[in-house]
Amino acid sequence: MNTVPSGELVTEQIEDVLRIEISNPERMNALDLGMFSELAEILRAAGDNPEIGAILLQGRGESFCSGNDVNDFLDRGDDREAYRPVGEFMRALYECPTPVVAAVNGPAVGIGATMLLHCDLVYAAEESFLHMPFVTLGLCPEFASTLLLPRRIGLPRASLALLLGEPIGAERALQWGLVNTVCPLDSLLQEAASAAARLAALPREAVRTTKRLLRSQVAAKVDTAIREESEAFMGLLGTAAFRDAALAFLERSPDDPTVE
């Protein structure tokens, strides 16, 4: 077992499973641009490594991932180049040939929820929830969530989540098919790690081929949706409506300026 800190990310390889821990508990595991770049590199390297049969993605403390820091959006506005690491991470995640298992120990907000749509298996603690409040902040959904979420749960339910920004609790997420299993927090990592180990023990090429085939029917549509959503998202970042909503959010939550 080899544990290596990587900024505010920690990677740990146990036999054929690579664990990636988002470690920024003081900010509810918010991701900054440097962490996005590191995550992209880690995922690409894992996908190219034949010795890694599965990836386990988890958060430290009481949150899985609270999304982006609103201050990043306010500081950079609609500077497309500044956000390149975010796109690199999401592309590395949805193109990763190695199966990715997520252990959702608490809130998964903004991109923290979006990334779960690109994971292969999702295990959630009973107290966890998914929240996509983009419209509340004057923005739109991202990274093919307007395609994948309605396909998964139907348009009426997706509209509740994406238009009204209604949080989706763990049990509801299970009923709607957004997570595979809901379990007590104290057994979450064991359950998720066991699933990752089972995947890693299977014939590697068969697993990778099956993952590719499972996603091949919508791959082109995902690419199109990501491009369209990114264009719209960047346009909305430059609006007064977003700035007003973001500043109002920061006034309400000065100690936790992450996307909620």
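A few remarks follow.
- Rg(Cα)/(2.2 N^0.38 Å) for region 75-198, N = residue count: 1.08
- Overall, the accessible surface of the chain at a probe of 1.4 angstrom is composed of carbon and sulfur to the extent of 52 percent.
- Among 120-129, 178-187, the order from most to least packed when residues are scored by Cβ within 10 Å on average: 120-129, 178-187
- Between 154, 106, 138, the GNM of the chain built on Cα springs shorter than 10 angstrom shows 154 fluctuating the most.
- Sorting 195-208, 50-63 by their mean Cβ neighbour count within 10 Å, with the most densely packed peptide first, gives 50-63, 195-208.
- In degrees, nearest ten, helix 219-237 long axis to first principal axis of the chain (Cα): 30 degrees
- Whole-Å distance, taken between Cα centres, linking region 85-107 and region 164-204: 14 Å
- Taking Cα atoms only, the orientation of helix 33-48 departs from the longest principal axis of the chain by about 30 degrees.
- Calculated P(r) of region 1-146 - Cα pairs past 24 Å, %: 26 percent
- Reported label for calculated Cα extents along the principal axes in Å given (1) 53, 44, 36; (2) 57, 42, 39; (3) 52, 38, 36: (3)
- Computed from Cα atoms, the angle from the helix 84-95 axis to the main principal axis of the chain rounds to 40 degrees.
- Cα gyration tensor, region 159-244 - rounded (a/c under 1.5), prolate or oblate: oblate
- Phi angles across region 166-181 convert, under the Karplus curve 6.51 cos²θ - 1.76 cosθ + 1.60 with θ = phi - 60°, into 3J(HN,Hα) values of 6, x, 10, x, 4, 5, 5, 4, 5, 4, 8, x, 8, 10, 8, 8 Hz, Gly and Pro given as x.
- Stretchable slack from residue 13 to residue 224, in nm (0.36 nm times residue separation minus alpha-carbon distance): 72.5 nm
- Sequence ranges 235-245, 31-41, ranked by mean other-Cβ count within 10 angstrom, highest first: 31-41, 235-245
The values are calculated or read from the model by the stated rules, or taken from the named source; none is laboratory data. Here the structure is a predicted model, which means the values were calculated and not measured. Heads up, the Cβs are rebuilt from the backbone with ideal geometry, glycines too, and the neighbour counts pull from every protein chain shown. Please note that ligands, DNA and RNA were not included when accessible areas were found on the heavy atoms of the full protein model with its side chains. Shrake-Rupley method; radii C 1.70, N 1.55, O 1.52, S 1.80 Å.
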